[in-house]
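Enquirer: Okay, handing you the structure first.
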Amino acid sequence: MSENPSLEQLSSIVDDLAEQGWSLQPAFISQTLTLELAQECRKRAAQGALVPASIGRGQGLAVQEGIRGDRIQWLEPGQSQACDQYLAKLESLRQAINQGLYLGLEDYESHFALYPPGAFYKKHLDRFRDDDRRAVSVVLYLNQEWETGQGGELRLHLPGGGVRDIAPQAGVLAVFLSADMPHEVLPAQRERLSLTGWFRRRGDSVL
Ligand code: OGA
Ligand code: MN
């Protein structure tokens, strides 16, 4: 069994979100669990379970490699011990964010993502025109020994006009407010793995 996130870690994410709309945590997830999740992502990729990601929802759903070139597979509870451990940690984070920020986060959805060399995801917001349930984006990176010069950074476009580039280094957790933070994935020289997800609020309308 792995340990629960500490109260310090949880409140540092909550405080960062309140103050600046994003947070970076190098040690929220242990290297052991990160390694297990990376192995699971590779195993799923080798089995052909990862499929080209699409943009939008419903009838607007389309695969557009000119916008995003990653391959994904959605996570379900009960698929593996490593995934369930990750989901349990994210559940503590959901509760801490609700207690600190009153966002009314109701659930969490996430997928493994694999960007082949050269793939990218152009600047976007994590919200769909017809669904604004996604409130907080969370990305865990799964790449051992990512080096400067290999690209693949997550580029946050900050409200003040600047940018912040985050290397997709194993174990780093990036958290940001989905509606306020345009972001993009820069092309990488090597394969880039992550576990990307969203805390969602209750839907206002029945589709
Ligand atoms: C996404 C996304 C960022 C990343 O999947 O919507 O923006 O760093 N991912 O993988
Ligand atoms: Mn995104």
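The values are calculated or read from the model by the stated rules, or taken from the named source; none is laboratory data. All of these numbers come straight from a predicted model, not from anything done at the bench. With ideal geometry, Cβ positions are generated from the backbone for all residues, glycine too; neighbour counts draw on all protein chains shown. Note: accessible area is taken over every heavy atom of the protein model, side chains too, but ligands, DNA and RNA are not part of it. Shrake-Rupley method; radii C 1.70, N 1.55, O 1.52, S 1.80 Å.
Enquirer: Pop a pseudo-label 7 angstrom from the Cα along the beta-carbon direction at both L7 and E76 and give the gap in nm to one decimal.
Expert: For the pair L7/E76, the computed spacing is 3.8 nm.
Enquirer: Tell me which lysines have Cα within less than 26 Å of K43's Cα, excluding those fewer than 8 residues away on the same chain?
Expert: Excluding near neighbours in sequence, the set is K89.
Enquirer: At a probe radius of 1.4 Å, what is the per-residue accessible area of S54, in Å² to the nearest 10?
Expert: 40
Enquirer: Give me the net charge for the shell around L24: Cβ to Cβ below 14 angstrom, other residues only, Lys and Arg +1, Asp and Glu -1.
Expert: Values: positive: R155, R164; negative: D15, D16, E19, E153, D165.
Neighbour charge sum, excluding L24 itself: -3.
Enquirer: Right, here's the next one. Find the accessible area per residue for region 9-49; the probe is 1.4 Å, ligands and nucleic acids are left out, and the unit is Å². If you can, show how the numbers build up before the last one.
Expert: Numbers: 2010 Å² over 41 residues.
For region 9-49, the per-residue accessible area is 49 Å².
Enquirer: Given the -39500 (n - 2.57) contribution per DSSP H run of 4+ residues, what per-residue ellipticity at 222 nm results for the chain, rounded to the nearest 500 deg cm²/dmol?
Expert: Dividing the helical sum by the residues of the chain leaves -8500 deg cm²/dmol.
Enquirer: Among T148, T32, T196, which one shows the biggest mean-square fluctuation in a GNM of the chain, springs joining Cα atoms closer than 10 Å?
Expert: With Cα springs under 10 Å in the chain, the top fluctuation among T148, T32, T196 is at T148.
Enquirer: What's the carbon and sulfur percent of region 73-207's accessible surface, probe 1.4 angstrom, rounded to a whole number? Could you put the intermediate results ahead of the total?
Expert: Details: 2970 of 6260 Å².
Accessible surface attributable to carbon and sulfur in region 73-207 totals 48 percent.
Enquirer: Dipole size in debye (nearest 20) for the chain around its Cα centre, Lys and Arg Cβ +1, Asp and Glu Cβ -1?
Expert: Numbers: 21 positive and 27 negative charges, 120 e Å.
My answer is approximately 580 debye.
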